[in-house]
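The values are calculated or read from the model by the stated rules, or taken from the named source; none is laboratory data. From a predicted model like this one, the values you see are computed outputs, not experimental measurements. Counting neighbours? That spans all protein chains shown, and the Cβs are built from the backbone with ideal geometry, glycine included.
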């Protein structure tokens, strides 16, 4: 497919230069209106090898640069993110479908992640101890080498920044493989990094589909892989990368449960639950997927309906990523309805603000009286849909939460500290919210779930990421031959 007639030119970015456009291409459609806005090259293992060679060549000088000097590049890069905020948000809006407000927030979060990376010189000081007379032991953190990051479609700008600033600041060089559904932002990120002064080859972008993911897992020169996407693929990537003796952290999907008690604050609970289930069109692994109502919570559900009806597709609610996603989500809704669930608010076939008839829009959908045997109660829907399950008491609600195989997030809405503490201590999830629908930690705290939502150890963000992106070097020195010799020296 010729790219000259398309709105955006998507290319690989290797050794500081765009290229690799002569291969098979895949259409990139905007979910806003279904139009073709770009095409993405489906790279081969040969293209990956070229990127790895560029990263290997750049690694010695980059890793030898003092971290304080590397930080100066990222201070400048953070400013470039903010100076180009409008353009970067517009790219996210067009390729992913997010509202502009959500797109601005994504870029702002990328700036925050970069800001945290700039603090790493203060967090990775080595350790030094005189262990015996004249004998010192030193511990230093060293980069791994060439690493890779595989990012999803739902956050084209933010999720790459979960890995790029920290991994590079710590001295690694990187290959980024963006989702083939949203490849446009990645090229602009590479250009801004170069403008900030990043040496050629330190950061490279290789586009593609499954073939490139498999090649990344198998490449012997890549020392670590991070992945964010569905649980099914996260498991495959983790097993394959680990089999190649790589470090791997692979973040998967979720079925986040929000437990709502009768004493919950009415307005705060209703607005938080609706915002959690509908933000980014529900296409985030921290979205509220299932509400577990304990006792008499109908008044809260009624208020949720009022809040949800304020969401207008095409105005303050974006589309889902593709036609296939729309059909999958509506399939879940239809199946639940046939199984006896009650649809309180139906988002199928909505009227779209601005008349974008060919976009992939779905209105907010609230489904009550869902039972645990229904497929929609067990699987990740990944759309602006929330199901409601009824529980007789808090113990039953926690059992429902813990029976689901995922473990990204769980939340409780209550004014009782004791009830909240029960959920905090007993819920099997890596991130817990109390009266918060999207309990994502802010830097320097790291992001990461449990169970089938995460495979691997450590995290790729926050202070915990230091463990993943570096390795320890231990040095013992002795310069004092006259010192007293004992078993420690």
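Observations, loosely collected:
- Any hit, region 109-118, residues being over 30 Å from residue 478 (Cα atoms) and without any contact (Cβ under 8 Å) to a residue 12 or more places away in the chain: no
- Residue match in region 366-379 (condition: part of a helix (DSSP H, G or I), surrounded by 18 or more Cβ atoms within 10 Å (Cβ to Cβ), in the same structural domain as residue 276 (by TED's automatic domain parsing) and at negative phi): yes
- Test: residue in region 210-233 that is touching a helix residue (DSSP H, G or I) at 6+ places or on another chain (Cβ under 7 Å), surrounded by fewer than 24 Cβ atoms within 10 Å (Cβ to Cβ), part of a helix (DSSP H, G or I) and assigned by TED's automatic domain parsing to the domain that holds residue 361: no
- Residue match in region 121-131 (condition: under 17 Å from the mean Cα position of the chain (by Cα), touching a residue at least 12 places away in the same chain (Cβ under 8 Å) and more than 26 Å from residue 171 (Cβ to Cβ)): no
- Selection of strands (runs of 3 or more DSSP E) fully inside region 126-203 by the criterion of at least 1 residues being in the same structural domain as residue 68 (by TED's automatic domain parsing), surrounded by 18 or more Cβ atoms within 10 Å (Cβ to Cβ) and touching a helix residue (DSSP H, G or I) at 6+ places or on another chain (Cβ under 7 Å) returns 135-143, 146-150, 173-177.
- Residue in region 392-413 that is under 30 Å from residue 34 (Cβ atoms), over 22 Å from the mean Cα position of the chain (by Cα) and surrounded by 15 or more Cβ atoms within 10 Å (Cβ to Cβ) present: no
- Filter pass, residue 77 being part of a strand (DSSP E or B) and either more than 21 Å from residue 144 (Cβ to Cβ) or without any contact (Cβ under 8 Å) to a residue 60 or more places away in the chain (or both): no
- Residues satisfying the stated conditions in region 448-467, i.e. part of a helix (DSSP H, G or I) and under 20 Å from residue 236 (Cβ atoms): 451, 452, 453
- Every residue from region 317-355 that is buried (at least 19 other Cβ atoms within 10 Å of the Cβ) and modelled with pLDDT under 95: 352
- Close Cβ contacts (under 7 Å, 6 or more residues apart or on different chains) running from residues in region 374-390 that are free of Cβ contacts under 8 Å to residues at least 40 places away in the same chain to residues that are crowded, with 23+ Cβ neighbours inside 10 Å comprise 374/336.
- Test for residue 474: is it exposed (fewer than 14 other Cβ atoms within 10 Å of the Cβ) and more than 29 Å from residue 345 (Cα to Cα): yes
- Put simply, of 416, 428 the only residue that is surrounded by fewer than 18 Cβ atoms within 10 Å (Cβ to Cβ), in contact with a strand residue (DSSP E or B) (Cβ under 9 Å, 6 or more places away or on another chain), on the phi < 0 side of the Ramachandran plot and assigned by TED's automatic domain parsing to the domain that holds residue 335 is 428.
- Test for residue 423: is it within 15 Å of the chain's Cα centre (by Cα), modelled with pLDDT of 95 or more and either in a helix (DSSP H, G or I) or surrounded by fewer than 23 Cβ atoms within 10 Å (Cβ to Cβ) (or both): no
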